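Asker: I have a structure I would like to understand better, so I am pasting it below and will then ask my questions one at a time.
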Amino acid sequence: MDKKTDSIGQMERGQQSALNVGGFHNHPGFRRMFAPDQLTIGLFLPLRFYTGNMDVLKGQADLVDIIDQQHFASVWVRDVPLFDPGFRDAGQVFDPFVYLAYLAARTKNVSLVTGSAIFTLRHPIDLAKAAASIDVLSGGRLVLGIASGDRPAEFPAYGLHVDHRDERFRDTVKFFRELIQHNSPTIQSSLGQMSGLDLLPKPATGGIPLVVTGSSRQSLDWIAEHSDGWLTYPEATANDSGPRMLGHKINAWREKIPNGMFKPHMTNEWIDLVEDVNYPRTPLRGGYILRTGRAGLIQLLEEWRAVGVNHAALGIQFSSRPPAEVIQELAEEVLPLFPTHTGTAPIATGW
């Protein structure tokens, strides 16, 4: 069997399996990314690391157009409300919801993902309004990665106590879902009370997937029951010991998911994809970045797929090569082995 035929077979199996994805079987963004026993590929933004000059972000949306046209499954944006020099990382700089709305107008099919929206720092009404608006404007392409926040300096700036973020995260998730899933809900929450009011618009297909990042200070049982998916760090990526550890974590989580429902697992890695195809998988910056050739990356993705990872979000902002070159190589040589699912097309919009 040649490589192309095998890829088509994987895509068809993934589309058939994706019929068992619970409440999101009609959600275009979810279905494009996830199916049991399959792995798809997305790219993290920014494509170049911000070091104080916004010029590195110029032309990025043009490359996102190419990412969409080349049939990557998703693009991811991070949520860093305030720049903390101690972290030296400004994220993708733009507000994630504003930028995803901009990208929604520039693209047609690619899933639009937050990795991750800080649910403790925003009120659930504002989160739900922004998220539902993007989901409708994009034809149902929004997938929300969510987190409790890991930058302590941001919390007092919002008038919040960092030690209370676990409870606030749970309350925000519950409030958010009641707003987007029900008409005129009656809500009694530590975050507010409402009755006789409604949130408009509602999501394009009735819901928005919420993917919990890391632990978000929650128990594994809570994540298994209340998440629509789980994003965790990949463990070590220079050899197969990390994927094996990751597989144990995934299995422990999936054993706790009620009724055996399929919920996807995601992981991510910052890569420096070099031209030498056989360059060995080499950790940089204490394992924060993986330098590798194409063969090593494919091997890693195969290891992840084998242990139950359903989506890999790759960051190329630290790459030694121009982003356009890396995107082209990934699209031509890697993506066909891990094809994007095409079971549910975005809803046609005329806004």
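The values are calculated or read from the model by the stated rules, or taken from the named source; none is laboratory data. Since the model is a prediction, treat every value here as computed from it, not as a measurement. Positions of Cβ are backbone-derived with ideal geometry, glycine not excepted, and every protein chain shown enters the neighbour counts.
Asker: Mind checking which residues of the range 201-213 are surrounded by fewer than 17 Cβ atoms within 10 Å (Cβ to Cβ) and either at pLDDT below 95 or of a type in the set (Ser, Thr, Tyr) (or both)?
Answerer: 206
Asker: Also, I was wondering about something else. Under the condition of being closer than 16 Å to residue 121 by Cβ and in contact (Cβ under 8 Å) with a residue 24 or more places away in the chain, which residue from the range 172-200 is surrounded by the fewest Cβ atoms within 10 Å (Cβ to Cβ)? Spell out how you get there, then give the answer.
Answerer: Filtering the range 172-200 for residues closer than 16 Å to residue 121 by Cβ gives 172-173, 175-176, 190-192.
Checking which are in contact (Cβ under 8 Å) with a residue 24 or more places away in the chain leaves us with 172-173, 175-176, 191-192.
Values: 172: 25, 173: 21, 175: 23, 176: 25, 191: 14, 192: 12.
Ranking the qualifying residues of the range 172-200, first place goes to 192.
Asker: In the set 267, 232, which member is surrounded by 19 or more Cβ atoms within 10 Å (Cβ to Cβ), modelled with pLDDT of 95 or more and either touching a Lys or Arg at 6+ places or on another chain (Cβ under 9 Å) or hydrophobic (A, V, I, L, M, F, W, C) (or both)?
Answerer: Among 267, 232, only 232 is surrounded by 19 or more Cβ atoms within 10 Å (Cβ to Cβ), modelled with pLDDT of 95 or more and either touching a Lys or Arg at 6+ places or on another chain (Cβ under 9 Å) or hydrophobic (A, V, I, L, M, F, W, C) (or both).
Asker: Quick check on my filter: what residues within the range 318-350 are part of a loop (DSSP other than H, G, I, E, B) and without any contact (Cβ under 8 Å) to a residue 12 or more places away in the chain? First the steps, then the outcome.
Answerer: Of the residues in the range 318-350, the ones part of a loop (DSSP other than H, G, I, E, B) are 318-322, 338-350.
Hits for the range 318-350 are 322, 350.
Asker: While we're looking at this one, here's another question. Of the residues that sit in the range 194-232 and are of a type in the set (Ser, Thr, Tyr) and assigned to a loop (DSSP other than H, G, I, E, B), which one is farthest from residue 171 (Cα to Cα)? Steps first, answer last, please.
Answerer: Our first condition is that a residue be of a type in the set (Ser, Thr, Tyr); within the range 194-232, this holds for 195, 205, 213, 215-216, 219, 227, 232.
With assigned to a loop (DSSP other than H, G, I, E, B) added as a condition, the list becomes 195, 205, 215-216, 219, 227, 232.
On the way: 195: 17, 205: 23, 215: 16, 216: 13, 219: 15, 227: 13, 232: 22 Å.
Once the filter is applied, the top-ranked residue is 205.
Asker: If I ask for residues that are modelled with pLDDT under 95 and either among the aromatic types (Phe, Trp, Tyr) or within 19 Å of the chain's Cα centre (by Cα) (or both), which ones from the range 279-317 would you list?
Answerer: 288, the sole residue that qualifies.
Asker: Next question, about the same structure. Would you confirm whether any residue within the range 317-331 is crowded, with 17+ Cβ neighbours inside 10 Å, over 28 Å from residue 203 (Cα atoms) and among the polar types (S, T, N, Q)?
Answerer: Yes, there is a match, as at least one residue in the range 317-331 is crowded, with 17+ Cβ neighbours inside 10 Å, over 28 Å from residue 203 (Cα atoms) and among the polar types (S, T, N, Q).
Asker: Related question: Within the range 30-45, restricting attention to residues that are hydrophobic (A, V, I, L, M, F, W, C) and assigned to a loop (DSSP other than H, G, I, E, B), which residue is surrounded by the most Cβ atoms within 10 Å (Cβ to Cβ)?
Answerer: By that ranking, first place goes to 34.
Asker: May I pose another question? List the number of the failed condition for residue 40; all other conditions in (1) polar (S, T, N, Q); (2) farther than 25 Å from residue 225 by Cα; (3) at pLDDT 95 or above hold.
Answerer: Exception for residue 40: condition (2).
Asker: Select from the range 138-169 the residues that are buried (at least 18 other Cβ atoms within 10 Å of the Cβ) and part of a helix (DSSP H, G or I) and list them in ascending order.
Answerer: 154, 155, 165, 168, 169
Asker: When the range 241-263 is examined, which residues are found to be surrounded by 18 or more Cβ atoms within 10 Å (Cβ to Cβ) and either touching a helix residue (DSSP H, G or I) at 6+ places or on another chain (Cβ under 8 Å) or hydrophobic (A, V, I, L, M, F, W, C) (or both)?
Answerer: 243, 246, 247, 250, 253, 262, 263 - these are the residues of the range 241-263 that are surrounded by 18 or more Cβ atoms within 10 Å (Cβ to Cβ) and either touching a helix residue (DSSP H, G or I) at 6+ places or on another chain (Cβ under 8 Å) or hydrophobic (A, V, I, L, M, F, W, C) (or both).
Asker: Still on this structure, please answer the following. Give me the residue from the range 98-123 that is part of a loop (DSSP other than H, G, I, E, B) and in contact with a Phe, Trp or Tyr (Cβ under 8 Å, 6 or more places away or on another chain) and, out of that set, nearest to residue 313 (Cα to Cα).
Answerer: Ranking the qualifying residues of the range 98-123, first place goes to 110.
Asker: Can you tell me which residues in the range 304-317 are part of a helix (DSSP H, G or I) and either more than 18 Å from residue 289 (Cα to Cα) or touching a Cys at 6+ places or on another chain (Cβ under 9 Å) (or both)? Break it down into steps so the answer makes sense when it comes.
Answerer: Kept after step one, since they are part of a helix (DSSP H, G or I), are these residues of the range 304-317: 304-306.
305, 306 - these are the residues of the range 304-317 that are part of a helix (DSSP H, G or I) and either more than 18 Å from residue 289 (Cα to Cα) or touching a Cys at 6+ places or on another chain (Cβ under 9 Å) (or both).
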